[in-house]
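Here's the structure, in structure tokens; my notes come after.
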Protein chains: 2
Amino acid sequence: MGKDITIYDIAKEVGLSPTTISRALNDHPAVNLKTKQRVSEVAGQMGYRTNLFASNLRRQHTHTIGVIVPRLNSPFMSTVISGMEKAATEGGYNLIISQSLETLQKEQANAKTMFDSRVDGLLVSLSYETDDLHHFEPFISRGIPVIFYDRVAEHEQCTSIVIDNLQAAYKATSHLVEQGCTNIMHITGNLKRNVYSDRLKGYKYALIDNNLPYNEQNIIVNNLSEEAGEEAAQQILKMKKLPDGLFVSNDTCAVSCVKTLKQAGISVPADVAVIGFNNDPICRVIEPNLTSVNYPGSEMGELAVKALILRLNGSTEGIASNTINLRSELIIRESSLKSKVAGKKWGQLAPK
Amino acid sequence: MGKDITIYDIAKEVGLSPTTISRALNDHPAVNLKTKQRVSEVAGQMGYRTNLFASNLRRQHTHTIGVIVPRLNSPFMSTVISGMEKAATEGGYNLIISQSLETLQKEQANAKTMFDSRVDGLLVSLSYETDDLHHFEPFISRGIPVIFYDRVAEHEQCTSIVIDNLQAAYKATSHLVEQGCTNIMHITGNLKRNVYSDRLKGYKYALIDNNLPYNEQNIIVNNLSEEAGEEAAQQILKMKKLPDGLFVSNDTCAVSCVKTLKQAGISVPADVAVIGFNNDPICRVIEPNLTSVNYPGSEMGELAVKALILRLNGSTEGIASNTINLRSELIIRESSLKSKVAGKKWGQLAPK
């Protein structure tokens, strides 16, 4: 293989200055369209590699990584960010973080701010609303890497880092079935996002594989906040037939459900077995302790930054445009153990 | 009062272009030292107001506010930031956030990143380690406002926004005394920071005013994490005489203490009455529910951004270089109500 083609080679070929070539390739307004077309054509013929170009010519490195999160107010996001900080510090980078607050408009504003702050790369977990990725194009077209984590989207030039949400939900639901539940409800977030739509699929497939009916009326979609958990529990309490199992897409909402159900005299897990998601510390504070899916947030954050730094250092092989799957795990605690509770009850009734 | 002096007035007086005057006043390398000295002298004689100057001439507005926090992993900081986002969105600003992780070195790096990102203003809650403010000088000397919140420091050109930590701790400790506690311990964070040193003072003064001895061995200083709470509880369990009251400087640590004490068979509040700080949602999840100081985090965040925007719009009167105090409040729940528990016990013993 020959030497990489540089803008100097193109400049010589086209008969213009390297600056003009660089500007032309970067779509700079000072260069006219005809020149841009010519330069682009010649660059293509000579086998000029745009990515390498963009990364070499990109504005000076700031050693800053931009992070866009939906909301900062969750223990899960805290663990993700602590993993990011760890890898960033090790790599000599600093993080700047902004919140989309679940709106596309704010995510767009964040992207612009990050771009103007000249971040070297961008890590994004998408808002509830996001349905196109145009606002990341200024990065991608300049070779500034964008990596999606947790709430991801398909983009041929972007890596996604996720857990297998479908499988995690499948396991959680199957565990409830094993505990004897036959009428399991699912509370989850906006189904536009992979994390929630995949969990719904996992819940559904587990029911079907266990010959239980899948009923859309057993699904509650809300914003998974503490308040939403209270409201969901109130809604459940009004049902003619209470569910005997409940799988909730985060722990904040699950804990608030358990609290409200308990206050109404419902016993967890004897009446309703409950499983959350994320394995937040609060799982070990609520009584009964909450069964949950352990989400390796810190590992995900670390990996996202490491993948980004690899890209910044020119290693794109094996990482770019792939999806990286992290392992999750069901942590079983009292809130879902109907059989154990039943056992205890039998034990208490039996003679000593 | 006359018209404000502008760089045009100075330019006329000195006989140089307004650009040169502006550069000279901004310490631009293209202007020689002699000219700088001359311009500075004339500007001073003419009563030129540097602050106004700096704010007018400052690099183009980015409509971005930088926020430096010690750590993002607390419900308290989440509420502060949600208040900031609210006011920022209303004012047409976007936030970028970074964490010092409690080290001076990282706080310095954050300040540099924020400066390079050309934020219009900076909101800072100081790290455990910070003992000088040099890293904020690049902002202050260019008239970019810096506002401290929660963990603050004295600086003649910076506003501080705080709650009255001394009074809040005084009230919490007094409440424990009212409940019959005579041997009260205090768990708190790094005493370099106003929030913790002021709470210690409040605790101490409440003891003294109630004729109870103040004993340094009753103070545990740690990082107020969940793990630190467990360790503190273990330490307490090893004491010859258990305390009958415990005032902890945050809820995370208080809850973890309560859990560990309960596991060891200690009854809260009957054996040890416990009070936390911040009024995080977890206070209403732990059993018994935790008495805590309600910290108006969201209000503080909102106010910090509003004060900053006022400064950016040229209103400095009544805000700059002042300390703004927000009201806090003791929220009494079961964890501290010894008298109520005692009452219940008596009631159970009494004939129906």
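Ignore the peptide's own chain and count Cβ atoms of other chains within 10 Å of each Cβ in B:93-105; give me the average, rounded.
For this peptide, the per-residue mean of nearby foreign Cβ atoms is 5.
Rg(Cα) of chain B divided by 2.2 N^0.38 Å?
Working: Rg = 25.3 Å, N = 352, 2.2 N^0.38 = 20.4 Å.
Its radius of gyration relative to the 2.2 N^0.38 Å reference: 1.24.
So how do A:LYS238, A:LYS204 rank on accessible area, 1.4 Å probe, biggest first, that is with the largest at the start? Don't jump to the answer; show the numbers that get you there.
Values: A:LYS238 170, A:LYS204 70 Å².
Most to least solvent-accessible, the answer reads A:LYS238, A:LYS204.
Averaging sequence separations of C-alpha pairs under 8 Å and six or more residues apart, then dividing by the length of region A:7-50, give the relative contact order as a whole percent. Don't jump to the answer; show the numbers that get you there.
On the way: 29 pairs, mean separation 15.8, N = 44.
With pairs under 8 Å counted, the relative contact order is 36 percent.
So what does A:ASP251 come to for accessible area, using a 1.4 Å probe and Å² rounded to 10?
About 0 Å², rounded to the nearest 10.
Work out from phi, with θ = phi - 60° and the Karplus expression 6.51 cos²θ - 1.76 cosθ + 1.60, the ³J(HN,Hα) of each residue of region A:235-243, listed in order in whole Hz, and give x for Gly and Pro.
Coupling constants for region A:235-243: 4, 5, 5, 8, 6, 4, 10, 5, x Hz.
Specify which residue in the list B:GLY301, B:VAL285, B:SER40 is farthest towards the positive end of the charge dipole of chain B, using unit charges on the beta carbon of Lys, Arg (+1) and Asp, Glu (-1), about the Cα centre.
It is B:VAL285.
I'd like the accessible area for A:VAL69, computed on protein heavy atoms only with a 1.4 Å probe and all protein chains in place. Round to 10 Å², please.
Result for A:VAL69: roughly 0 Å² accessible.
Using θ = phi - 60° and the Karplus curve 6.51 cos²θ - 1.76 cosθ + 1.60, what whole-Hz ³J(HN,Hα) does each residue of region A:148-159 get, with Gly and Pro shown as x?
My calculation for region A:148-159 gives 9, 9, 6, 9, 10, 9, 7, 8, 4, 9, 10, 7 Hz in order.
Roll a 1.4 angstrom probe over the protein heavy atoms and tell me the percent of accessible area of chain B that is carbon or sulfur.
Values: 7990 of 16090 Å².
Solvent-exposed carbon and sulfur of chain B make up 50 percent of the total.
Let me know the charge dipole size of the protein assembly as shown about its Cα centre in debye, to the nearest 20, where only the beta-carbon of Lys, Arg (+1) and Asp, Glu (-1) is charged. Can you show the working numbers first?
Working: 74 positive and 74 negative charges, 90 e Å.
Computed about the Cα centre, the dipole is about 440 debye.
Would you please give the residues with an amide H less than 5 Å from that of A:ILE187, counting only those at least 5 places away or on a separate chain, with H modeled from the backbone geometry?
Amide H to amide H, under 5 Å and 5 or more residues apart or across chains, A:ILE187 pairs with A:ILE220, A:PHE247, A:VAL248, A:SER249.
Determine the dipole magnitude for region B:165-236: charges of +1 sit on the beta-carbon of Lys and Arg, -1 on that of Asp and Glu, nothing else is charged, the reference point is the Cα centre, and the result goes in debye to the nearest 20.
Result for region B:165-236 is approximately 360 debye, rounded to the nearest 20.
Give me the distance in nm between label points sitting 7 Å out from Cα along the Cα-to-Cβ direction at B:ASP271 and B:ILE331, one decimal.
So the label points at B:ASP271 and B:ILE331 sit 2.7 nm apart.
Relative to the longest principal axis of the C-alpha atoms of chain B, give the angle of the C-alpha long axis of helix B:75-91, reported between 0 and 90° and rounded to the nearest 10°.
Here the helix axis deviates by roughly 30 degrees.
Is there a simple number for the mean count of other chain Cβ atoms within 10 Å of the Cβ of residues in A:249-257, and what is it? The partial results should precede the final answer.
Numbers: counts 0, 0, 0, 1, 0, 0, 4, 3, 0.
Other-chain Cβ atoms within 10 Å of each residue's Cβ, averaged: 1.
In µm²/s, what is D for region B:7-50 at 37 °C and 0.692 mPa s, where D = kT/(6 pi eta Rh) by Stokes-Einstein and Rh is the Kirkwood radius from Cα pairs? Don't skip to the answer; put the middle values down first.
Values: Rh = 9.9 Å.
In µm²/s, the coefficient is 330.
Starting at the first residue of region B:16-21, write each ³J(HN,Hα) from the Karplus equation 6.51 cos²θ - 1.76 cosθ + 1.60 with θ = phi - 60°, in whole Hz, x for Gly and Pro.
10, 6, x, 4, 5, 4
Which of B:ASN289, B:ASN218, B:ASN279 ends up with the largest GNM mean-square fluctuation for chain B, with Cα atoms connected below 10 Å?
Residue with maximal mean-square fluctuation among B:ASN289, B:ASN218, B:ASN279: B:ASN218.
Report, ordered by chain and residue number, the lysines lying within cross-link reach of B:LYS338, taken as a straight Cα distance under 23 Å and ignoring same-chain residues fewer than 8 apart.
Straight-line reach from B:LYS338, under 23 Å: B:LYS171, B:LYS204, B:LYS238, B:LYS240, B:LYS241, B:LYS259, B:LYS262, B:LYS352.
For A:GLU302, what charge total do you get from the other residues with a beta carbon under 10 Å from its beta carbon, if Lys and Arg give +1 and Asp and Glu give -1?
Details: positive: A:LYS86, A:LYS306; negative: A:GLU85, A:GLU90, A:GLU299.
Neighbour charge sum, excluding A:GLU302 itself: -1.
Relative contact order of chain B: what whole-number percent is it, with Cα pairs under 8 angstrom and at least 6 residues apart?
Values: 640 pairs, mean separation 59.1, N = 352.
Result for chain B is 17 percent.
Quick one: compute the contact order of region A:204-295, relative version, from alpha carbon pairs under 8 angstrom and 6+ residues apart, as a percent.
Details: 118 pairs, mean separation 21.2, N = 92.
Across region A:204-295, relative contact order equals 23 percent.
For chains B and A, what's the summed buried accessible area, probe 1.4 Å, to the nearest 100 square angstrom?
Numbers: alone 17390 and 17370 Å², together 32160 Å².
The buried area between B and A, both sides summed, comes to about 2600 Å².
Taking chain B as the reference, fit the longest principal axis to its C-alpha atoms, fit the long axis of helix B:33-45 to the helix C-alpha atoms, and give the angle between the two in degrees, 0 to 90, nearest 10.
It is inclined by approximately 80 degrees.
Search the structure for amide H atoms under 5 Å from the amide H of B:LEU330, placed 1.01 Å from N in the peptide plane, and list their residues when 5 or more places away or on another chain.
B:ASN294
Helix A:194-209 versus the longest principal axis of chain A: what is the Cα-based angle in degrees, 0 to 90, to the nearest 10?
Its long axis makes an angle of about 40 degrees.
Return the single residue from B:GLN37, B:GLN108, B:GLN157 with maximal mean-square fluctuation; model: Gaussian network over chain B, springs between Cα atoms under 10 Å.
So, out of B:GLN37, B:GLN108, B:GLN157, the one fluctuating most is B:GLN37.
What is the set of long-range amide H partners of A:HIS63 at a cut-off below 5 Å, with H atoms built 1.01 Å from backbone N?
A:ASP120
The values are calculated or read from the model by the stated rules, or taken from the named source; none is laboratory data. Owing to the predicted nature of the structure, the values given are computational and were not obtained by experimental measurement. In this analysis, Cβ positions are derived from the backbone assuming ideal geometry, glycine residues included, and neighbour counts consider all displayed protein chains. The protein model used for the area step is the full one, side chains on, heavy atoms only, and it has no ligands, DNA or RNA in it. Shrake-Rupley method; radii C 1.70, N 1.55, O 1.52, S 1.80 Å.
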